[in-house]
1. Once you put a point 7 Å from the Cα of ARG453 and another 7 Å from the Cα of ARG71, both along the Cβ direction, what distance in nm separates them?
2. On a full-extension model of 0.36 nm per residue, what is the gain between ALA44 and ALA209, subtracting their alpha-carbon distance, rounded to one decimal in nm?
3. Full extension from GLU330 to THR33: what is 0.36 nm times the residue separation minus their Cα-Cα distance, to one decimal in nm?
4. Could you check the simple spin-label distance between SER489 and ASP406, using points 7 Å along Cα→Cβ, in nm with one decimal?
5. At 1.4 Å probe size, with no ligands or nucleic acids counted, give the accessible surface of CYS28 in Å², nearest ten.
6. Under a straight-distance cross-link criterion of Cα-Cα below 19 Å, which lysines are reachable from LYS378, leaving out those fewer than 8 residues away in the same chain?
7. Quick one: accessible surface of ASP107, probe radius 1.4 Å, all protein chains present, in square angstrom to the nearest 10.
8. Report the FRET efficiency, 1/(1 + (r/R0)^6), for ASP339 and LYS255, where r is their Cβ-Cβ distance and R0 is 60 Å, rounded to 0.05.
Amino acid sequence: MHYVILLSGVETEPGRELFEALRHGGVCVVVVTPGACGEEEEAARARAGWGAEPLAVLLDLEAGAELADLRDRAARAAQVWPSVPVVACRRAAGAAAAGRHAHSLTDATLKRLGFHSVAAGPAQISALLREVEERGTEDGRGGGADAASDFAPASLLLPERLNVERLRAAFEVVASLHFAAGQRGAAAAALAGLAALVPADRWTIYLVADSGALGQPPFEPLAVRGLTPSERAVPEGDWRTLMGDALALAGAESKAARESAASAETVRRKEGGRQTLAVPLVSGERVVGVLEAVREGARARRFPARDASLLSALALPLAAALSNSARVAEAERLSQTDDLTKLHNARYLRQYLVNELKRARRYGSQVTAFFLDLDDFKQVNDSHGHLVGSHVLMEMAGVILSSVRDTDVVSRYGGDEFVVVLPETDLEMGLRVAERVRERISEHGFTGGRGLRLRLTASFGVASFPEHAQSPQQLVARADAAMYEAKASRKNCVRHAAEAAQDA
């Protein structure tokens, strides 16, 4: 008769259904409380009493379990019983449904946390234990590593028995991610290090977006290193070579890569004349990308399980680096974007003008900016409310954007004030653009989001570098002063900095 170690919860006891299922399966149970001081002693007594290791270490998965707690339990079990598979057993459907987070604990998630197998419920546990007994441990703890199935469970730790050179190379891969600038930099640094660790003809990192209407998540090639022999044979001048390696691989991801993204598992497979290894890049509860390695040719060797295990471990910091760099980029974008209109804000405008005026000095070009302020906008808020006023500002952003070039920069400076920068544009052209925007605004019927037909006008001030200003601050200030001259005269008109200086 076999026995298993059953880990009880910190505050809960294992469910009665699980005890009954194990008893009917002829399996004896030794209950151990995780984190207990005498955990190793209990394990030693069980080994001495039974004369063998347990068949498995079971965790009764209570509803609402936290991921960090589950990861710690799996890691602790692996430390105390290093040669024994760790199995999670879900509770009955009714109990599991009561857990607020139960839906997020997929089998793939649990395996990433360190569990070797997952039973759907107590009724399945006996069959699963028989399967474990028959096949042994195929993940490298027991039998041959390459005898494992095509799905190699991801690990949270580097595999054991790495030689010094590979361990150093793995450390360098992780360390390089801390110094990468942006997603592409992190991806390129990772591929450079991985190529030295595991031989492959081509390495690719794909970003995986949320599934579309058809349920197929879009794959976007982020970085590529190397090419297969057939890809190198593409004729010079072919559209794929003109697009560059990464873009040329759009839509060329392997079936293994798509399966890896769908299952959140590492997949090793032969597809046609290629040996493919696809590793999911998982951050939190979502697959953010896939790392794909390809070997091509009649003599291409299958990627061994030890390489799959190593790459699965390194995929964790890589996924974290990609997710963090995306969050940093998004935070930077939001810090430079106006929440209401989605235009650039004053912070972005200042930095842009610094760079643009440096470029204009270098190449001897001109930069023109105009400042516009809506006339009597307070009446809109007073008569129709601030929600209508906010919607009018959003409409105003659309009117201005549709009246200038794509290369021009439109920013909301504050309140109902906007600044437009026209690179490589002289004063005369800037005045014409400002007049065009003024006419578009005066002709537009603003709805305010409520079907209204509001008529608005704006006053404009135009200034040019280097004619009127020598610095970004001066350029905005001179345009602002000219705008106030337009306000003081008759509103709904355009004035430029030279006129403002004469009037002063």
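The values are calculated or read from the model by the stated rules, or taken from the named source; none is laboratory data. Remember, predicted model here, so these are calculated numbers, not experimental data. No Cβ is skipped: glycine too gets one built from the backbone with ideal geometry, and neighbour counts run over all protein chains shown. Please note that ligands, DNA and RNA were not included when accessible areas were found on the heavy atoms of the full protein model with its side chains. Shrake-Rupley method; radii C 1.70, N 1.55, O 1.52, S 1.80 Å.
1. If labels sit at ARG453 and ARG71, their model points lie 6.1 nm apart.
2. Result for the pair: 54.6 nm of gain on full extension.
3. That works out to 102.6 nm of additional length.
4. Result: 3.5 nm between the two label points.
5. 40 Å²
6. The reachable lysines, counting only those whose Cα sits under 19 Å from LYS378, are LYS487, LYS491.
7. Counting only protein heavy atoms, ASP107 exposes about 70 Å² to solvent.
8. 0.90
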